[in-house]
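Contents: one structure, followed by commentary.
Quick note: the coordinates plus some simple rules give every number you see, no bench work behind them. Computed from a predicted model, the values in this text were never measured in an experiment. Cβ placement follows ideal geometry from the backbone for every residue including glycine, while neighbour counts extend to all protein chains displayed.
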């Protein structure tokens with residue numbers, strides 16, 4: 001596994017004049033990250049952290065990242081395929097994802113983070129699930145032709161947990177529909193609810209083996225490790241599932257000292273080295 005950085009971690013910095021995607025990539029390289037995931041915005045909105053969406057700009061970003069040792073592994077899109085309150089807007093979401101599949105392919109980015117959508121009041125769950133399945137299936141047909149993975153994150157309320165996501169994967173049945181596990185999403189670990197951590201690890205076990213991208217929340221650092229969960233157990237779960245891609249760190253607290261990201265990278269790196277040494281691989 002490699003350790004990467006998600007541009008979401010620097011969301012407050014992106015609001016400052018003079019801070020752009022190239023500044024972010026300078027930081028990622030200086031802090032020792034080997035991979036980055038970059039937010040691209042949402043349908044009908046400016047292209048967010050990436051700073052532009054022309055083929056020339058995207059190729060420049062990818063080349064700049066590679067020069068700093070932090071290759072762009074994933075474009076992080078934001079979509080809602082079940083927005084039934086406005087069909088024109090829902091279709092705009094579909095066009096947006098299909099457009100970014102082509103953009104990712106055009107500059108050699110292997111993954112596009114994909115979401116589902118949110119439950120709507122007074123609409124049957126079956127109806128909304130079918131909308132998502134149909135749109136994901138159509139996007140996967142394009143992704144297969146373009147050679148891009150649609151890494152589905154356990155993020156939105158529709159198809160949130162492993163049972164749901166496995167059902168989606170079976171229904172779509174595409175080699176380009178993969179997963180993007182964010183282990184703590186959907187689990188109230190910060191509230192200390194009994195059994196939440198065990199449910200989180202069990203959920204991850206089922207998603208990690210299908211992953212082509214992954215996130216790792218940074219809630220803070222306590223006693224030399226990441227707060228909120230057993231880091232080494234979480235890393236072992238990924239490793240035992242055969243996941244070898246990057247873990248993109250997401251700093252949860254927007255106003256936290258960004259230097260904690262470099263510290264978090266060192267902590268995760270040290271944990272991976274201990275795991276490798278224990279298994280005889282290092």
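Determine which single condition residue 83 fails, assuming it passes every other condition in (1) free of Cβ contacts under 8 Å to residues at least 40 places away in the same chain; (2) in contact with a strand residue (DSSP E or B) (Cβ under 6 Å, 6 or more places away or on another chain).
(2)
Output the residue which, of all residues in region 184-208 that are in contact with a helix residue (DSSP H, G or I) (Cβ under 6 Å, 6 or more places away or on another chain) and closer than 30 Å to residue 141 by Cβ, is surrounded by the fewest Cβ atoms within 10 Å (Cβ to Cβ).
Applying the filter and picking the extreme gives 205.
Which one is nearest to the chain's Cα centre (by Cα), of the residues in region 147-176 that are under 18 Å from residue 242 (Cβ atoms) and touching a residue at least 60 places away in the same chain (Cβ under 8 Å)?
This residue is 151.
Any residue in region 273-282 that is surrounded by 18 or more Cβ atoms within 10 Å (Cβ to Cβ) and within 17 Å of residue 3 (Cα to Cα)? Spell out how you get there, then give the answer.
So the first thing to find is which residues in region 273-282 are surrounded by 18 or more Cβ atoms within 10 Å (Cβ to Cβ), and the list is none.
Taking every residue of region 273-282 in turn, none turns out to be surrounded by 18 or more Cβ atoms within 10 Å (Cβ to Cβ) and within 17 Å of residue 3 (Cα to Cα).
For region 104-127, name all the residues that are in contact (Cβ under 8 Å) with a residue 40 or more places away in the chain and either in contact with a helix residue (DSSP H, G or I) (Cβ under 6 Å, 6 or more places away or on another chain) or crowded, with 22+ Cβ neighbours inside 10 Å (or both).
Selection gives 104, 105, 106, 107, 109, 111, 113, 114, 115, 116, 117.
Tally time: how many residues in region 237-257 are under 18 Å from residue 34 (Cβ atoms) and surrounded by 14 or more Cβ atoms within 10 Å (Cβ to Cβ)?
10
Residues to consider are 72, 109; find the one that is in a loop (DSSP other than H, G, I, E, B) and in contact with a strand residue (DSSP E or B) (Cβ under 7 Å, 6 or more places away or on another chain).
From the options 72, 109, the qualifying one is 109.
Filter region 10-24 for residues that are within 22 Å of residue 182 (Cα to Cα) and part of a helix (DSSP H, G or I); which is nearest to the chain's Cα centre (by Cα)?
Looking at residues that are within 22 Å of residue 182 (Cα to Cα) and part of a helix (DSSP H, G or I), I get 10.
I'm told residue 28 meets every condition in (1) part of a strand (DSSP E or B); (2) closer than 30 Å to residue 240 by Cα except one. Can you identify the failing condition by its number?
Going through the list (1) part of a strand (DSSP E or B); (2) closer than 30 Å to residue 240 by Cα, residue 28 breaks only (1).
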